[in-house]
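A.B. asks: Below is a structure I'd like to ask you about.
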Amino acid sequence: MASKRGKQTVRDMFLSMAVISAVAGGVYIFVPHDDKANPVKAVDYRVELLTARRAAPYPVAAPAGLSKDWKPTSVSYERQSGNGWHLGFLDPDGKYVAVEQSTSPAKKYVSEVSQDAKNTGRTQRVAGETWQHWKGPKYDALVRHDDGATTVVTGSASTQRLAEMAAALKTS
């Protein structure tokens, strides 16, 4: 009798597994999913930008006129951290680009936000402004010092995309 009950238990276990597998397969087939969808959600940074522009002791920069292919992904303003302004984007190629501004000591700040990039000694003219070119193991950066703050455009994007962002920056 014990062996008959053992066979029934094994059979019930296999039937249960078959039912569970069929349900899971059905859910997978019939529930829409897009493996190519980008899980990063765009953020609306307008309120934070207005707040930062009122609070910061320097003209806060944000892009104007970029194509809709640029996706804003992060924003912050931290008064206690050197009046730090951060605005992060994914460029049209899916690479990261950030606008960083602060009144913190420039050399340390630029190294920090650019993931240890170093000044190459080269400059680049972008939209009539001179930017220092920094190169790093992870991020490159364009750096400008003026109006009591350091502005950094940094990220994993190409130098051309960094320059495109720098050219789009407006302070009002």
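A.B. asks: So, in segment 74-85, how many residues would count as being farther than 15 Å from residue 44 by Cβ and either touching a strand residue (DSSP E or B) at 6+ places or on another chain (Cβ under 8 Å) or open to solvent by less than 50 Å² (accessible area, probe 1.4 Å) (or both)?
C.D. replies: Of all residues in segment 74-85, those farther than 15 Å from residue 44 by Cβ come to 78-85.
Filter once more, keeping what is either touching a strand residue (DSSP E or B) at 6+ places or on another chain (Cβ under 8 Å) or open to solvent by less than 50 Å² (accessible area, probe 1.4 Å) (or both): 78, 81-85.
So the answer is 6.
A.B. asks: Considering only residues that are under 13 Å from residue 149 (Cα atoms) and assigned to a loop (DSSP other than H, G, I, E, B), which ones fall in segment 82-109?
C.D. replies: 82, 83, 103, 104, 105 - these are the residues of segment 82-109 that are under 13 Å from residue 149 (Cα atoms) and assigned to a loop (DSSP other than H, G, I, E, B).
A.B. asks: Something else: Pull up segment 122-172, narrow it to residues that are part of a strand (DSSP E or B) and touching a residue at least 60 places away in the same chain (Cβ under 8 Å), then point me to the one that is nearest to the chain's Cα centre (by Cα). Quick ask: steps written out before the conclusion?
C.D. replies: Going through segment 122-172, the residues part of a strand (DSSP E or B) turn out to be 122-126, 129-135, 140-146, 149-155, 169-170.
Now narrow it down to the ones that are touching a residue at least 60 places away in the same chain (Cβ under 8 Å): 149, 151, 155, 169-170.
Working: 149: 22, 151: 17, 155: 9, 169: 17, 170: 20 Å.
Among residues in segment 122-172 that are part of a strand (DSSP E or B) and touching a residue at least 60 places away in the same chain (Cβ under 8 Å), the one nearest to the chain's Cα centre (by Cα) is 155.
A.B. asks: Does segment 101-113 include one or more residues that are open to solvent by less than 50 Å² (accessible area, probe 1.4 Å) and closer than 18 Å to residue 160 by Cα? Working first, answer last.
C.D. replies: Applying the first criterion (open to solvent by less than 50 Å² (accessible area, probe 1.4 Å)) to segment 101-113 yields 101-102, 104, 106, 109-111, 113.
If we keep only those that are closer than 18 Å to residue 160 by Cα as well, we get none.
No, the conditions are met nowhere in segment 101-113.
A.B. asks: Please go through segment 62-73 and pick out each residue that is loosely packed, with under 14 Cβ neighbours inside 10 Å and either under 18 Å from residue 114 (Cβ atoms) or not basic (Lys, Arg) (or both). Write out each step before concluding.
C.D. replies: Taking segment 62-73 first, the residues loosely packed, with under 14 Cβ neighbours inside 10 Å are 64-65, 67-69.
64, 65, 67, 69 - these are the residues of segment 62-73 that are loosely packed, with under 14 Cβ neighbours inside 10 Å and either under 18 Å from residue 114 (Cβ atoms) or not basic (Lys, Arg) (or both).
A.B. asks: I'm trying to understand the selection: among the residues of segment 103-154, which are out of contact with any His (no Cβ under 9 Å at 6 or more places or on another chain) and of a type in the set (S, T, N, Q)?
C.D. replies: Of everything in segment 103-154, those that are out of contact with any His (no Cβ under 9 Å at 6 or more places or on another chain) and of a type in the set (S, T, N, Q) turn out to be 103, 104, 111, 114, 115, 130, 150, 154.
A.B. asks: Within segment 62-70, does at least one residue satisfy the condition of being more than 14 Å from residue 43 (Cβ to Cβ), assigned to a strand (DSSP E or B) and free of Cβ contacts under 8 Å to residues at least 40 places away in the same chain? Before you say what the answer is, go through the steps one by one.
C.D. replies: Step one: filter segment 62-70 for residues more than 14 Å from residue 43 (Cβ to Cβ), giving 64-69.
Next, only the ones that are assigned to a strand (DSSP E or B) stay: none.
No; the residues of segment 62-70 include none that is more than 14 Å from residue 43 (Cβ to Cβ), assigned to a strand (DSSP E or B) and free of Cβ contacts under 8 Å to residues at least 40 places away in the same chain.
A.B. asks: Moving on. When you go through 120, 171 one by one, which is the residue that is out of contact with any Cys (no Cβ under 8 Å at 6 or more places or on another chain), at pLDDT below 95, surrounded by fewer than 21 Cβ atoms within 10 Å (Cβ to Cβ) and not charged (D, E, K, R)? If you could, list the steps in order and put the result at the bottom.
C.D. replies: Numbers: 120 fails: at pLDDT below 95.
After ruling out the rest, the residue left standing is 171.
A.B. asks: Only one of 152, 97 is in contact with a Phe, Trp or Tyr (Cβ under 7 Å, 6 or more places away or on another chain) and either farther than 21 Å from residue 67 by Cα or among the β-branched types (Val, Ile, Thr) (or both). Can you tell me which?
C.D. replies: Numbers: 152 fails: in contact with a Phe, Trp or Tyr (Cβ under 7 Å, 6 or more places away or on another chain).
Sole residue among the options that is in contact with a Phe, Trp or Tyr (Cβ under 7 Å, 6 or more places away or on another chain) and either farther than 21 Å from residue 67 by Cα or among the β-branched types (Val, Ile, Thr) (or both): 97.
A.B. asks: In segment 119-135, what count of residues is obtained for those that are touching a Ser or Thr at 6+ places or on another chain (Cβ under 8 Å) and under 20 Å from residue 157 (Cβ atoms)?
C.D. replies: Within segment 119-135, the first condition is being touching a Ser or Thr at 6+ places or on another chain (Cβ under 8 Å), and the residues that meet it are 123-124, 130-135.
Add one more test, that the residue is under 20 Å from residue 157 (Cβ atoms), and what stays is 123-124, 131-135.
Looking only at that region, the number is 7.
A.B. asks: Still on this structure, I have one more. Looking only at segment 27-49, decide whether some residue is at pLDDT 95 or above, of a type outside the set (Asp, Glu) and open to solvent by less than 60 Å² (accessible area, probe 1.4 Å).
C.D. replies: Yes, because at least one residue in segment 27-49 is at pLDDT 95 or above, of a type outside the set (Asp, Glu) and open to solvent by less than 60 Å² (accessible area, probe 1.4 Å).
The values are calculated or read from the model by the stated rules, or taken from the named source; none is laboratory data. Remember, predicted model here, so these are calculated numbers, not experimental data. Ideal geometry is used to build each Cβ from the backbone, glycine not excepted, and the neighbour counts take in all protein chains shown. For the accessible areas, the whole protein counts, side chains as well, though only heavy atoms, and no ligand, DNA or RNA atoms are used. Shrake-Rupley method; radii C 1.70, N 1.55, O 1.52, S 1.80 Å.
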